[in-house]
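The values are calculated or read from the model by the stated rules, or taken from the named source; none is laboratory data. Computed from a predicted model, the values in this text were never measured in an experiment. Cβ placement follows ideal geometry from the backbone for every residue including glycine, while neighbour counts extend to all protein chains displayed.
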Amino acid sequence: MKTVSIVIPCRNEASYISACLDSIVASSFPKEFLSVYVCDGMSDDGTTEIIKGYSEKFPYIHLIANEKRTTPYALNLGIKADNSDAVIILGAHSAVAEDFIEKNYAALFSDEKVGCAGGILINNFENRVSRIIGYAMSQPFGVGNAHFRTGAKSGYVDTVAFGCYKREVFEKIGYFDEQLTRNQDDEFNYRLKKAGYEILLDTSIRSYYVVRSSYKKLLRQYFQYGYWKVFVNQKHKMITTFRQLVPFFFVAFVVLGAVASFFSKYCVWFYIAVLMCYFLSALFFAAKSKLPAKDWLAIIFSFSILHISYGSGYWVGLWDFLVRGKKPVYDNSSR
């Protein structure tokens, strides 16, 4: 049997890291072939002490100090910690099904052309708001064809959550880009596919994720996704996925349509008609939920946050990276 390592970036995750590690401990994969590296970004809420407790009890769990505190740097530290045959990237807010590692292992080595395998996310909720946000993030209207969220189909895809990668992939295309605060997994998966590998989504592979419990956190998350997507596009000199342009054009329409409406009554009616179509589409998907009707407006609000925050982030990214020529601070010491 081939060896597997799991890399978990974290910082100040005292409320979640135990559930994550407990799920790994309870997994059915043989522990003599497993290593877990929790790369902690100098937490000050007790996370470090919790991880140390697990490492003392379970010899395959290891704590690595991530002094630079960024996610891609943590990922690279964990990947380079050993020479396992496969590497699974996991989040501290997540937990895995009992057969998660085994099924990833089987999917990854099912075909030579598969460089990354993964499954679907099942949302766990902390409160009413997180349940509403989780529903919005699992619908095609909210996130497009992100099949790992919608669970629409198994097969080859552009990206997965918590991917399981062959070691040879890192040896061939390098590691995660440490310039990227967000989107480092999407950018890496783009390079992986460009190198001739495929990303396989198997909907029988299950992991669980604690959904953000506030609209403010959701807005910040998706703004950063849109913002850093511009840098990824600039780096590769192309649009990596076309679904990213939909929120970009939507925000442009909202702003320019409002301005044009001051000058023409025809623009006013067209503007209202398009926004009404958007509202009715969002209402249709909200009504499909099993949530009570009183939550439908909140679901529509969540859809609008996903689209407007991502699109706005993309516009700001265009200004910063393409117009102003802004460069992220880059440290290549871990390359």
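What number of residues within the range 14-35 are in contact (Cβ under 8 Å) with a residue 40 or more places away in the chain, out of contact with any helix residue (DSSP H, G or I) (no Cβ under 6 Å at 6 or more places or on another chain) and assigned to a helix (DSSP H, G or I)? Number satisfying all stated conditions: 5. I'd like to know if the range 105-115 contains one or more residues that are of a type in the set (Lys, Arg), at pLDDT 85 or above and either in contact with a helix residue (DSSP H, G or I) (Cβ under 9 Å, 6 or more places away or on another chain) or over 18 Å from Tyr190 (Cα atoms) (or both). The answer is no, given that none of the residues of the range 105-115 is of a type in the set (Lys, Arg), at pLDDT 85 or above and either in contact with a helix residue (DSSP H, G or I) (Cβ under 9 Å, 6 or more places away or on another chain) or over 18 Å from Tyr190 (Cα atoms) (or both). Checking each residue in the range 254-272 for being within 19 Å of Gly311 (Cβ to Cβ), surrounded by fewer than 16 Cβ atoms within 10 Å (Cβ to Cβ) and not β-branched (Val, Ile, Thr) picks out Leu256, Ala258, Ala260. Scanning the range 51-78 for residues that are polar (S, T, N, Q) and touching a Pro at 6+ places or on another chain (Cβ under 9 Å), we see that the one that is nearest to Asp185 (Cα to Cα) is Thr71. Within the range 10-39, the only residue that satisfies the criterion of being modelled with pLDDT of 95 or more and in contact with a Lys or Arg (Cβ under 8 Å, 6 or more places away or on another chain) is Phe33. Candidates are the residues of the range 181-219 that are among the hydrophobic types (A, V, I, L, M, F, W, C) and more than 13 Å from the chain's Cα centre (by Cα); the one that is nearest to Glu126 (Cα to Cα) is Leu219. Restricted to helices (runs of 4 or more DSSP H) entirely inside the range 156-267, those with at least 1 residues that are within 30 Å of Asp99 (Cα to Cα) and modelled with pLDDT of 85 or more are 167-173, 184-194, 215-236.
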